[in-house]
Amino acid sequence: MRIAFAALVLCSVAPLAGAEERTGEQIYNEMCARCHGKAGEGAKKYPAPLVGDKSLAQLAAVIDRTMPEEDPDSLSAEGAKRVAAYMYDAWYSPDAQAKKNPPRVELSRLTVKQYRNSVADLLGSFRFPPKADAREGLRGEYYNSRGFQQNKRLIDRIDAEVNFDFGKEGPKADPAPKEAFDVHQFSIRWEGSVWAPDTGLYEFVVRTDHALRLWVNDNKTAVIDAWVKSGSDTEYRASVFLLAGRAYPIRLEFSKAKQGVDDSKKNPNPPAKPAFARLLWKRPNRAVEVIPARHLTPAKWPEVAVIETPFPPDDRSLGWERGNVISKEWEAATTAAAFDTATYVLAKLNDLAGTQPTAGDRAAKVKAFARTFAERAFRRPLSDAEKALFIDRQFDATPDLEAAVKRVVLLVLKSPRFLYPDAAGAPEQHAVASRLAFAIWDGPPDRALSDAAAAGKLGTRAEVRAQAERMLADPRAKAKLREFLITWLKLDQVKEVLKDAKKFPDFTPEVANDLRTSLELFLDDVAFGPASDFRTLFLAEETYLNGRLAKFYGFDLPADAPFTKTKFESDKRSGAVTHPYLMSAVAYEAESSPIHRGVWVGRGLLGITIRPPMEAFTPLAPDLHPNLTTRERVLLQTKPQACAGCHTIMNPLGFALENFDAVGRFREKDRAKPIDATGGYDTRAGSAVKFTGAKEMAKFLANSEETQYSFAQQMFHFYAKQPVRAYGLNTPDELRKAFTANALSVRKLAVEIAAIAASAPKDAKPPK
């Protein structure tokens, strides 16, 4: 348990004779142990342990300022320093706690995300991706006929988006096609793949007043089939579960033709009717939007095996996902998922095994597929005993190839060799490959990494780093890094941003959706840019705006402008700290919230432990104090001594962001009074930093060792899913030094973390 140090009470009511000549241990034993325990473990009067994350200087300052409770002046500053030094090294600090109870890398099962990624990558390894294609959009083939006759194809191009209103005419192109389209009937096929930026349930939406059908991640069965229209419906929806960082085949077919009874004999020259076709989606927890070009590619990727079996949620009690708890629900879920995977494999068996139903060598190829499946699932070669158990015995038990394959799949996916990535038995370099892949991709090694392990080329830290550098270019790695940045900003649990419709009538779900997109584009730009400089996350003066956001925030862009990197209020804003989405997310529906913003900066960016309030907290309603600014109301409510311990940290951090209202718009006044955006922070080194406004605070955060240290540790936990000190008590400092030595490159920090995680110690504890 970690608590703020405000609870410390030195129990002696009278100064200790000769205290200044005594050691810190002696002073503590005489003045503190009775109430707090011999080793700070707590006692009857004050049961909470004296542990925390304040620096030595901060700890000494608290003791000097507040202790003993009855007479703080009875202990000098020098005595306070001695007590603080003793406590800090004996049990208070994280390092002291780690020395007393050394953390170890625990043997963990696959998390839910890792399980789904493992199955997708495992079966995807039997399919081959297309050649690299940097173009965005879908290939559009336009036919001057109701069907898709090749001799009637007039246009073959890349369309950035499917968002067309053809009116009463046919499709247009530059240069014009060789013949004019028949305005009464034509057809279009858009084909390629769609990239999923998030894991979750996507709702695909198609809109048209004619015939249309859509395939997503299934080349045989359409998820939307409105090819035979009846009625006046113009919108159709279907939900598909997708995994982040992958491309899924997509095909949309549209046909304009006369619907209903043919009356061409009675009316040989009917007037042309209008036509439109739109392809949209609703990402998880987002608004409906036209699928943008950046998420589309004309390359046709193979299908992805997505296992949707419900799993119990993973433990996140330490701040990151861990596969440390085995429950009956989890066991049942892995069994159900194994059956779902077996069903998928049998349905695609000839495709995966590279054979035909009547081929003479089908049995040999199917058995070879099963053996390779087991090897890739276990992330290492099979021993002779394992080949006999998992492969030979299953095929010898039945002449039915499909039944044998099903037995293999179920046996393999329920084996600890698959479910526990770091289980004993793997040759060391294959174990390194497995840990490296799960750190970067949350999935198993690819062919190149497995080959490197087999060739003995993962034996040094330099070789591991080289593989990590290669792997970071993969879209799966980019999706994980983006997910970490969203988590670091404490936005992973933000489902939607809602505002008071009376006060902010123009803050629509579409505006909120665009704001989230704007932030994600900014994070991608920084993380995947040439420098990948951590400081740019705080200091950048540009952000991404489209026409809708520009209008809402008073910036001059055309109404239909796409997302454009823009120097937006650069004299007032600075990086992610002041991004309007983030400012909106850490605010109330109608008012700003210095407390929420201060907690966000303190906990999220500086890594401070801030306790929740002792009692239920209800903010003072603005109407009760109509003449007070938000800052004044917060100061009034947090004035009591019981609040001071935490709010002296939170409030000054949040006040620096008061120039931004509840929707992240910059303002000069609140309640007709000038905004007071002065703030400050007492650093762990013992110095007091003052700043006025968001830009000054952002500059401090960008260059603060505390922010860098916190970022590196949070990133380590997100990637490795293990305590950082389990890899050595000096690892946090070594990680920060490596971060600094690499010019604070976010990508290079990811490489360093993955390299450390790949060389994990073997003394793992079994899961609970």
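The values are calculated or read from the model by the stated rules, or taken from the named source; none is laboratory data. Predicted, not measured: the structure shown is a model, and the values here were computed from it. Here Cβ is always computed from backbone atoms with ideal geometry, including for glycine, and neighbour counts include all displayed protein chains.
One residue stands out among those in region 373-382 that are free of Cβ contacts under 8 Å to residues at least 40 places away in the same chain and surrounded by fewer than 22 Cβ atoms within 10 Å (Cβ to Cβ): the one that is farthest from N117 (Cα to Cα), which is L382. Scanning region 479-505 for residues that are more than 16 Å from L537 (Cβ to Cβ), in a loop (DSSP other than H, G, I, E, B) and within 12 Å of the chain's Cα centre (by Cα) yields D492, Q493, V494. Of the helices (runs of 4 or more DSSP H) that lie entirely inside region 506-613, those containing 3 or more residues that are within 26 Å of K478 (Cα to Cα) and among the aliphatic types (A, V, I, L, M) span 509-527, 580-585. When the residues of region 625-646 are filtered to those that are surrounded by 14 or more Cβ atoms within 10 Å (Cβ to Cβ) and at pLDDT below 85, the one that is nearest to the chain's Cα centre (by Cα) is C646. Taking the criterion of being touching a residue at least 60 places away in the same chain (Cβ under 8 Å) and either among the aliphatic types (A, V, I, L, M) or touching a strand residue (DSSP E or B) at 6+ places or on another chain (Cβ under 8 Å) (or both), the residues of region 564-585 that qualify are E569, K572, R573, A576, V577, T578, H579, P580, L582, M583, A585. Would you mind stating whether K480 is among the basic types (K, R) and touching a residue at least 60 places away in the same chain (Cβ under 8 Å)? When the stated conditions are applied, K480 passes them. Within region 178-216, being more than 21 Å from N285 (Cα to Cα), touching a Pro at 6+ places or on another chain (Cβ under 8 Å) and not hydrophobic (A, V, I, L, M, F, W, C) holds for H184, E191, G192, S193, D209. Just the residues that are of a type outside the set (S, T, Y) and surrounded by fewer than 21 Cβ atoms within 10 Å (Cβ to Cβ), please, taken from region 480-490. Those that are of a type outside the set (S, T, Y) and surrounded by fewer than 21 Cβ atoms within 10 Å (Cβ to Cβ): R482, E483, I486, W488, K490.
Yes or no, residue by residue, for (1) at pLDDT 95 or above; (2) hydrophobic (A, V, I, L, M, F, W, C); (3) surrounded by fewer than 20 Cβ atoms within 10 Å (Cβ to Cβ); (4) over 19 Å from the mean Cα position of the chain (by Cα):
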position	(1), (2), (3), (4)
F716	yes, yes, no, no
Y719	yes, no, no, no
Y727	no, no, no, yes
T740	yes, no, yes, yes
A743	yes, yes, yes, yes
S759	no, no, yes, yes
K762	no, no, yes, yes
P767	no, no, yes, yes
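Scanning region 15-33 for residues that are in a helix (DSSP H, G or I) and either of a type in the set (V, I, T) or at pLDDT below 85 (or both) yields a total of 5. Which residues, taken from region 232-252, are part of a strand (DSSP E or B) and either at pLDDT below 95 or of a type outside the set (F, W, Y) (or both)? E235, R237, A238, S239, V240, L242, R246, A247, P249, I250, R251, L252, listed by residue number. Note on region 106-116: residues that are outside any helix (DSSP H, G or I) and either modelled with pLDDT of 90 or more or of a type in the set (K, R) (or both) total 4.
Conditions tested, residue by residue: (1) surrounded by fewer than 16 Cβ atoms within 10 Å (Cβ to Cβ); (2) assigned to a loop (DSSP other than H, G, I, E, B); (3) within 25 Å of the chain's Cα centre (by Cα).
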| residue | (1), (2), (3) |
| --- | --- |
| P271 | yes, yes, no |
| A277 | no, no, no |
| E303 | no, yes, yes |
| W330 | no, no, yes |
| T335 | yes, no, no |
| A338 | no, no, no |
| T341 | no, no, no |
| L352 | no, no, no |
| Q356 | yes, yes, no |
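Residue pairs whose Cβ atoms lie under 8 Å apart, separated by 6 or more positions or on different chains, with the first residue in region 271-294 and closer than 17 Å to N163 by Cα and the second small (G, A, S) and not in a loop (DSSP other than H, G, I, E, B), are P274/G167; A275/G167; A287/A512. Just name the residue that is nearest to L498 (Cα to Cα) out of those in region 647-675 that are over 31 Å from the mean Cα position of the chain (by Cα) and crowded, with 17+ Cβ neighbours inside 10 Å. Once the filter is applied, the top-ranked residue is D670.
Those residues that are polar (S, T, N, Q) and either farther than 18 Å from V206 by Cα or without any contact (Cβ under 8 Å) to a residue 60 or more places away in the chain (or both), I need them from region 136-194; list them, please. Within region 136-194, N144, S145, Q149, Q150, N151, Q185 qualify. When W441 is tested against the conditions (1) farther than 22 Å from F128 by Cα; (2) among the hydrophobic types (A, V, I, L, M, F, W, C); (3) surrounded by 14 or more Cβ atoms within 10 Å (Cβ to Cβ), the lone failure is (1). So, T335, is that one polar (S, T, N, Q), under 16 Å from R109 (Cα atoms) and modelled with pLDDT of 95 or more or not? Answer is yes for this residue. Only residues that are under 16 Å from E375 (Cβ atoms), in contact (Cβ under 8 Å) with a residue 12 or more places away in the chain and either buried (at least 17 other Cβ atoms within 10 Å of the Cβ) or of a type in the set (D, E, K, R) (or both) were counted across region 444-469, and they come to 8.
Could you name every one of the strands (runs of 3 or more DSSP E) located completely within region 125-228 that has at least 1 residues being crowded, with 18+ Cβ neighbours inside 10 Å, hydrophobic (A, V, I, L, M, F, W, C) and touching a helix residue (DSSP H, G or I) at 6+ places or on another chain (Cβ under 7 Å)? Output list reads 186-196. When the residues of region 199-239 are filtered to those that are of a type in the set (V, I, T) and in contact (Cβ under 8 Å) with a residue 40 or more places away in the chain, which remaining residue is nearest to K348 (Cα to Cα)? Out of the qualifying residues, it is T199.
Does region 122-173 hold any residues that are farther than 30 Å from S434 by Cα and among the hydrophobic types (A, V, I, L, M, F, W, C), and which are they? L138, F148, L154, I155, I158, A160, V162, F164, F166, A173 - these are the residues of region 122-173 that are farther than 30 Å from S434 by Cα and among the hydrophobic types (A, V, I, L, M, F, W, C).
Considered as a group, the residues in region 287-297 that are surrounded by 19 or more Cβ atoms within 10 Å (Cβ to Cβ) and within 26 Å of G443 (Cα to Cα) include one that is nearest to the chain's Cα centre (by Cα), and that residue is L296. For first residues located in region 311-328 and within 13 Å of P723 (Cβ to Cβ), partners that are crowded, with 20+ Cβ neighbours inside 10 Å and of a type in the set (A, V, I, L, M, F, W, C) and lie 6+ apart or on another chain with Cβ distances below 6 Å form the pairs W320/F718. Take the conditions surrounded by 20 or more Cβ atoms within 10 Å (Cβ to Cβ), in contact with a His (Cβ under 9 Å, 6 or more places away or on another chain), within 20 Å of T517 (Cβ to Cβ) and polar (S, T, N, Q) and apply them to T578. Does it pass? When the stated conditions are applied, T578 does not pass them. Within region 421-433, the set of residues being surrounded by fewer than 24 Cβ atoms within 10 Å (Cβ to Cβ) and either assigned to a helix (DSSP H, G or I) or at pLDDT 95 or above (or both) comprises E428, Q429, H430, A431.
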